[in-house]
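Asks: One structure is given below, represented as structure tokens, and several questions about it will come after.
The values are calculated or read from the model by the stated rules, or taken from the named source; none is laboratory data. Not measured: the values here are computed from a predicted model. All Cβ positions, glycine included, derive from the backbone under ideal geometry; neighbour counts span all protein chains shown.
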Amino acid sequence: MQVILRSRVFSNDLKNPASEAYRNLSDSFINTVVPRTQTNLDDRSFNIFIVGFQSGSVVVNFLAVLNDTSTVNRSSLLTAVGAAVKALDSNSSVTITERDRCQSGLNDCSGNGTCIQQNATFTCQCNVGFNDTRPNTPGRICEDIDECQTGSNKCSALATCTNTPGSFMCNCLTGTMDTNPANPGTQCTDIDECQTGNNTCSALATCTNTFRNFTCSCLVGTTDNNPANPGTQCTDKIAFRMQVILRSRAFSNDLKNPASEAYRNLSDSFINTVVPRSQTNLDDRSFNIFIVGFQSGSVVVNFLAVLNDTSTVNRSSLLTAVGAAVKALDSNSSVTITGSTQLTTEAPIQSQTVPTLQSNPGTENPGWRVAVIVLGSVLGVALLTILAVVLALMYAKKKSRGYSIETSDIVRQINYSNL
């Protein structure tokens, strides 16, 4: 509230709360106005607090305070204070300016709540993320809600949830990727380290993606020299990093996915065509290949050509032999060797997921098929010959009533006699 004492003259001492003039006017104002106003309002809770004095005759700024249960309204307060002030200065005037009770220090709302101004009073309300533990006096005691414990959060199942005052934070787990950085930790997907190359598998190992991790396994025919870290040190083979360009073929995105039918079909076709022909060209049955992957540029095949470490095959002969073998698959193909290593150290080249070379069920080696056919033919002729001899002997038996023959050059010695 504000009162103008027109019969008084302002002095600079009234600017200083420690001055005698300030204390005297404050005491006089309070002692005159408070008891008279309490009587006028019939409300003993009324009190005032001097805020300060300013010039314009003498302007008194003060707070008029009542219990929050008081029924005194604005009009009756103005009348009661106005009458009381007249005892101090008959020329005075009174105005009411409602004080913002939501200003700091003028309310008892929780630091985790919000003050809401309501005319000359206020109410409190707990902020979002906080629980009001005393709803009868709202917004005074507000306790943080742990959204990570209650489950009222938006974190991905592959993220950690960290509680913060009034909120929470999500962070994708190690080994996963955040696909929505604008809302961290809400959309996390597992990283396939075998596809990204972010793994420690040897070049002669298969890489298998697992949840938030990967496993390595040395290929068949190689030795794992570090069982404590499987598949990271696979040895006993010479590996040549090679690349073939199949110019007669068109690349498709399916060839990026080792699980796709297109990837498997081309891998099988390449292996089944190139391996036996290269083995023949090199006269080395230890030769084998392992597909690393395909990339565009017609179709580029990246693979490892592997030989026993005792093999005497050199780069030139390998390039010639593989080049000739690949021509059976694509007459316009070209072959290059991009590197080689004696596989006795960790990961000589960047690892990628490669299929383990295995015989497909129902697939036979052509050499075995030919061998079986030839052997069957020879045995068939031998059996027919033996049958003809036996029939001849039986015929002779009827004529001579006895015989003795040795056929040691066919199967074994056979003796017949008439009993």
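Asks: Mind checking which residues of segment 77-100 are closer than 18 Å to residue 65 by Cβ and modelled with pLDDT of 85 or more?
Replies: Across segment 77-100, the qualifying residues are 77, 78, 79, 80, 81, 82, 84, 85, 94, 95.
Asks: Taking residue 124 as the residue in question, decide whether it is crowded, with 17+ Cβ neighbours inside 10 Å and either outside the structural domain of residue 20 (by TED's automatic domain parsing) or modelled with pLDDT of 90 or more (or both).
Replies: Criteria met by residue 124.
Asks: Kindly indicate the residue of segment 180-209 that is of a type in the set (S, T, N, Q) and touching a helix residue (DSSP H, G or I) at 6+ places or on another chain (Cβ under 8 Å) and also farthest from residue 234 (Cα to Cα) among those meeting that condition.
Replies: 209
Asks: Give the residues of segment 316-357 that are modelled with pLDDT of 50 or more, more than 20 Å from residue 300 (Cα to Cα) and surrounded by fewer than 14 Cβ atoms within 10 Å (Cβ to Cβ), sorted by residue number.
Replies: 316, 342
Asks: If a residue must be surrounded by fewer than 20 Cβ atoms within 10 Å (Cβ to Cβ) and without any contact (Cβ under 8 Å) to a residue 40 or more places away in the chain, how many such residues does segment 192-208 contain?
Replies: 3
Asks: Residue 266 - would you say it is in contact (Cβ under 8 Å) with a residue 40 or more places away in the chain, closer than 20 Å to residue 329 by Cα and crowded, with 16+ Cβ neighbours inside 10 Å?
Replies: Considered against the rule, which asks whether it is in contact (Cβ under 8 Å) with a residue 40 or more places away in the chain, closer than 20 Å to residue 329 by Cα and crowded, with 16+ Cβ neighbours inside 10 Å, residue 266 comes out as no.
Asks: Turning to a different aspect of this structure: Inspect segment 223-235 for any residue being assigned by TED's automatic domain parsing to the domain that holds residue 300, of a type in the set (Asp, Glu) and either in contact (Cβ under 8 Å) with a residue 40 or more places away in the chain or not in a loop (DSSP other than H, G, I, E, B) (or both) and give the result as yes or no.
Replies: Within segment 223-235, not a single residue is assigned by TED's automatic domain parsing to the domain that holds residue 300, of a type in the set (Asp, Glu) and either in contact (Cβ under 8 Å) with a residue 40 or more places away in the chain or not in a loop (DSSP other than H, G, I, E, B) (or both).
Asks: Take the residues in segment 249-294 that are assigned to a loop (DSSP other than H, G, I, E, B) and of a type in the set (A, V, I, L, M); name whichever of them is nearest to the chain's Cα centre (by Cα).
Replies: 259
Asks: So in segment 7-37, with the set limited to residues that are touching a residue at least 60 places away in the same chain (Cβ under 8 Å) and loosely packed, with under 14 Cβ neighbours inside 10 Å, which one is farthest from residue 62 (Cα to Cα)?
Replies: 7
Asks: Next up: Can you name every residue in segment 236-263 that is of a type in the set (A, V, I, L, M, F, W, C) and touching a residue at least 40 places away in the same chain (Cβ under 8 Å)?
Replies: 238, 239, 240, 242, 244, 245, 246, 250, 251, 255
Asks: Another one. Among the candidates 84, 80, single out the residue that is under 30 Å from residue 7 (Cβ atoms) and in contact with a Pro (Cβ under 9 Å, 6 or more places away or on another chain).
Replies: Exactly one residue qualifies, and that residue is 84.
Asks: List the number of the failed condition for residue 293; all other conditions in (1) touching a Leu at 6+ places or on another chain (Cβ under 6 Å); (2) buried (at least 16 other Cβ atoms within 10 Å of the Cβ) hold.
Replies: Of the numbered conditions (1) touching a Leu at 6+ places or on another chain (Cβ under 6 Å); (2) buried (at least 16 other Cβ atoms within 10 Å of the Cβ), the odd one out for residue 293 is (1).
Asks: Out of 89, 68, 100, I need the residue that is assigned to a loop (DSSP other than H, G, I, E, B), within 24 Å of residue 11 (Cα to Cα) and in contact with a strand residue (DSSP E or B) (Cβ under 8 Å, 6 or more places away or on another chain). Which one?
Replies: From the options 89, 68, 100, the qualifying one is 89.
Asks: Still on this model: Condition first: within 29 Å of residue 177 (Cα to Cα) and buried (at least 17 other Cβ atoms within 10 Å of the Cβ). Now tell me which residues in segment 225-236 satisfy that.
Replies: Matches in segment 225-236: 231, 232, 233.
Asks: If I filter segment 155-202 down to residues being aliphatic (A, V, I, L, M), modelled with pLDDT of 90 or more and not in a loop (DSSP other than H, G, I, E, B), which single residue comes out as nearest to residue 228 (Cα to Cα)?
Replies: Out of the qualifying residues, it is 159.
Asks: Does residue 222 qualify as being surrounded by fewer than 18 Cβ atoms within 10 Å (Cβ to Cβ) and more than 21 Å from the chain's Cα centre (by Cα)?
Replies: The answer is no for residue 222.
Asks: How many residues, within segment 128-157, are surrounded by 15 or more Cβ atoms within 10 Å (Cβ to Cβ), more than 29 Å from the chain's Cα centre (by Cα) and closer than 30 Å to residue 173 by Cβ?
Replies: Result for segment 128-157: 1.
Asks: For the list (1) outside the structural domain of residue 184 (by TED's automatic domain parsing); (2) within 28 Å of residue 164 (Cα to Cα); (3) modelled with pLDDT of 90 or more, I need the number of the one condition that residue 103 fails.
Replies: All conditions pass for residue 103, except number (3).
Asks: Let me ask you something else. Just a yes or no: is a residue in segment 113-121 part of a loop (DSSP other than H, G, I, E, B) and more than 30 Å from residue 77 (Cα to Cα)?
Replies: Going through segment 113-121, the residues part of a loop (DSSP other than H, G, I, E, B) turn out to be 119-120.
Next, from what is left, pick out any that are more than 30 Å from residue 77 (Cα to Cα): none.
Among the residues of segment 113-121, not one is part of a loop (DSSP other than H, G, I, E, B) and more than 30 Å from residue 77 (Cα to Cα), which makes the answer no.
Asks: Name the residue that is farthest from residue 168 (Cα to Cα), counting only residues in segment 94-120 that are over 51 Å from the mean Cα position of the chain (by Cα) and exposed (fewer than 14 other Cβ atoms within 10 Å of the Cβ).
Replies: 95
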